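**Q** If you scroll down you'll find the structure; I have some questions about it.
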Amino acid sequence: MEEELKCPVCGSLFKDPILLPCSHNVCLACARNITVQTPDGETPVQSRASSDYDYLDMDKMSLYSETDSGYGSYTPCQLKSPNGVRVFPPVNHHRHCSLTCPLCHRSVSLDERGLRGFPRNRLLEAITARYQQNRRVASTGSSSTAQKCQLCDRNPVDATVMCEQCDVYYCNACQQRCHPSRGPLAKHRLVPPPNRAAGGGGAAGGGGQLPPATARKPATCVDHEAENFNMYCYSCKAPVCMKCLEEGKHAKHDVKPLAVMWKQHKCQISQALNGVSDKAKDAKEFLIQLKNLLQQIQENGVEFEACLVAQCDSLIEALTRQKAKLLTKVTKEKDCKLKVVRDQITHCTMKLRQTTGMMEFCLEVLKENDPSGFLQISDPLIKRVTSSQDQWVKGALEPKVGSEFDLTLNTDVLLQTILQLDYCQGKVECGPSVPAAPLLQLEKCCTRDNSATLAWRVIAPSPIEGYILELDDGNGGQYREVYVGKETVCTVDGLHFNSSYNARVKAYNAVGVGPYSKTVVLKTSDVAWFTFDPSTAHRDIVLTNDNQTVSCSSYDDRVVLGTAAFSKGIHYWEVRVDRYDNHPDPAFGIARINTMKDMMLGKDDKAWAMYVDNNRSWFMHNNSHTNRAEGGIAKGSTVGILLDLNKHTLTFYINKVQHGPTAFESLDGVFVPAVSINRNVQATLLTGLELPKNSKQ
């Protein structure tokens, strides 16, 4: 309750409290300190809500100059209250004054009566006095009237002052010695010690209850000091006397007897207190519930941890048992293989010993010079040797078993399940639900040339039937599905070079499709690095040098394609002529993936090429020859192909110089590099090159 009895300005217990129109209270002395002057007829300045005492910023300015010109001049404030609030020097009574409540910042103008116009809060004053009396009794344990100094060593004398901030009683000597009025103690308020009422000490231990109220002199009217309050103006919310009514100040107001309103308001406060008391009781019960909840959480946490450890130990034990079974199978497989090999070693050793003995015997027979004796045994001996040779067939000299074990243990599914091991949300039994969003494994996601590899894993235990991988078009456009299946790693080929792709993945099961994973951005190579493609080449084509050098085993022209596919951007590559015999006509250019492979490039409508000999060249598409140009190739020459899909054109170069005009225009779709040669030509592919300097891009 002490906080209710402290002045909001000085921070000490109320002394001579006055009641403001906003129903808040301040000490009379503090009210004098926070009173400010305002110009005649002007409404008091309202304080801002951003600071408790912003209205006190007015202490820097006097709203009138010495000549009363209306222009402000700054006058610094030198005073502060013990509670740290700035106060103003006393104002001149001929000025209009206002007072701002330090709690709600509501300002009110003072009339000609000044602070006397505010009613004195006698009830608060009485409660504060009883509270101080109760506190003194509790601290000293004595009900004597005189207060003793609390710092005297022996035989304490009567106290002369009390510090409201320290709440300590001092005699003159102890006050001068222990509590001088200087330094940081200068702000403390020293007041005469109040006398304790006789017989008031019995309430000190009453659980915070104040002593009973003593009889007080009835309150008198502010305007008519000789008149007691006996009526209550309901409109003004204030008690009035009979003379106030006779003067007509409350003529049209609703006025009721003071005793009636007193009982009515007491009843209302009692009823409101009953409601607050019920809420306070509920709050106490709630606090007890929260404290019990703390204990339950601690106990349940320990129990849950023990349960989790037991479950994991059970899984580990089951895995250990299964491990022992699997090791037993491995041991049996090993013993079986060892037995077969040992038996084969024994059998082979025995046969080898027999064969060796027979060979030694045959050698001795061959040393004999008796023809008749030799012929007697030669026929059966020849049969034995032949029969022994037949025993060493190819299968007999091969091991019956291999060193590898025909056992495969797939732990991927189990490992994935372990990684997905997690708690089900809620107390209900976990039922089937859509899968959670997969987690992209960034350390495994990468790009190479115009291919992108993505890997992901699941982080929730929901059953999963498959995944859906989506990529945009490389320009921030709409997503499209590029993979649907059960694998968690996918490589997407045929992307555009020098492009950034956004990728995302989601999982699905029988319940439905789960949310998308986070998006990862993958950037393909700036320039195209590729080789010849052996999987699509004609069977007469021969590829060497890691599929970068091509030759042909036929005198007819055969086509080989590159491994890259282009549908946008600018791309340049070259083919170097390594061997050139008997004036053949190799062709260089681009084609669709399904172009004919057994004829010269450009013979069908799916290829665009330039074929060239040692003197001249032609452009050819769909067996149509155009734009003959002088100048050919020789051994060591390079043929460059510039495919500009931004302009949809194809241009050719020989030895870095553009050869002829732009060969083809209005190209659209997907194209792969292509070359056609016969056995008189060998060429090497050169990729990842910069654009020719004389190209106009």
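The values are calculated or read from the model by the stated rules, or taken from the named source; none is laboratory data. Please read all numbers here as calculations on a predicted model, not as lab measurements. Here Cβ is always computed from backbone atoms with ideal geometry, including for glycine, and neighbour counts include all displayed protein chains.
**Q** Sort out which residues of segment 660-678 are assigned to a loop (DSSP other than H, G, I, E, B) and buried (at least 19 other Cβ atoms within 10 Å of the Cβ), and write them in order of number.
**A** Of everything in segment 660-678, those that are assigned to a loop (DSSP other than H, G, I, E, B) and buried (at least 19 other Cβ atoms within 10 Å of the Cβ) turn out to be G660, A663, N678.
**Q** Name every residue in segment 12-28 that is small (G, A, S) and crowded, with 16+ Cβ neighbours inside 10 Å, in order of residue number.
**A** Once the filter is applied, which keeps residues that are small (G, A, S) and crowded, with 16+ Cβ neighbours inside 10 Å, segment 12-28 yields only S12.
**Q** Restricting the first residue to segment 119-134 and requiring it to be hydroxyl-bearing (S, T, Y) and buried (at least 18 other Cβ atoms within 10 Å of the Cβ), which pairs with a second residue that is assigned to a helix (DSSP H, G or I) and modelled with pLDDT under 85 meet a Cβ separation below 9 Å and a spacing of at least six or different chains?
**A** Every condition considered, the pairs that remain are Y131/E2.
**Q** I'd like to know if segment 569-576 contains one or more residues that are assigned to a strand (DSSP E or B) and touching a Lys or Arg at 6+ places or on another chain (Cβ under 6 Å).
**A** There is no residue in segment 569-576 that is assigned to a strand (DSSP E or B) and touching a Lys or Arg at 6+ places or on another chain (Cβ under 6 Å).
**Q** Out of curiosity, is A306 without any contact (Cβ under 8 Å) to a residue 60 or more places away in the chain, among the hydrophobic types (A, V, I, L, M, F, W, C) and within 30 Å of T220 (Cβ to Cβ)?
**A** So A306 fails the test.
**Q** Still on this model: Return the residues of segment 149-173 that are touching a Pro at 6+ places or on another chain (Cβ under 9 Å) and hydrophobic (A, V, I, L, M, F, W, C); say none if nothing qualifies.
**A** Within segment 149-173, C149, A159, V161, M162, C171 qualify.
**Q** Taking the condition at negative phi, within 59 Å of the chain's Cα centre (by Cα) and aromatic (F, W, Y), does Y170 pass?
**A** no
**Q** Does Q344 fit the bill of being touching a Pro at 6+ places or on another chain (Cβ under 8 Å) and under 30 Å from D406 (Cα atoms)?
**A** Spelling it out, Q344 is indeed touching a Pro at 6+ places or on another chain (Cβ under 8 Å) and under 30 Å from D406 (Cα atoms).
**Q** While we're here: Please return the ranges of strands (runs of 3 or more DSSP E) entirely within segment 416-532 where 3 or more residues are buried (at least 17 other Cβ atoms within 10 Å of the Cβ), within 26 Å of the chain's Cα centre (by Cα) and not assigned by TED's automatic domain parsing to the domain that holds A674.
**A** Those strands (runs of 3 or more DSSP E) span 451-457, 466-471, 500-508.
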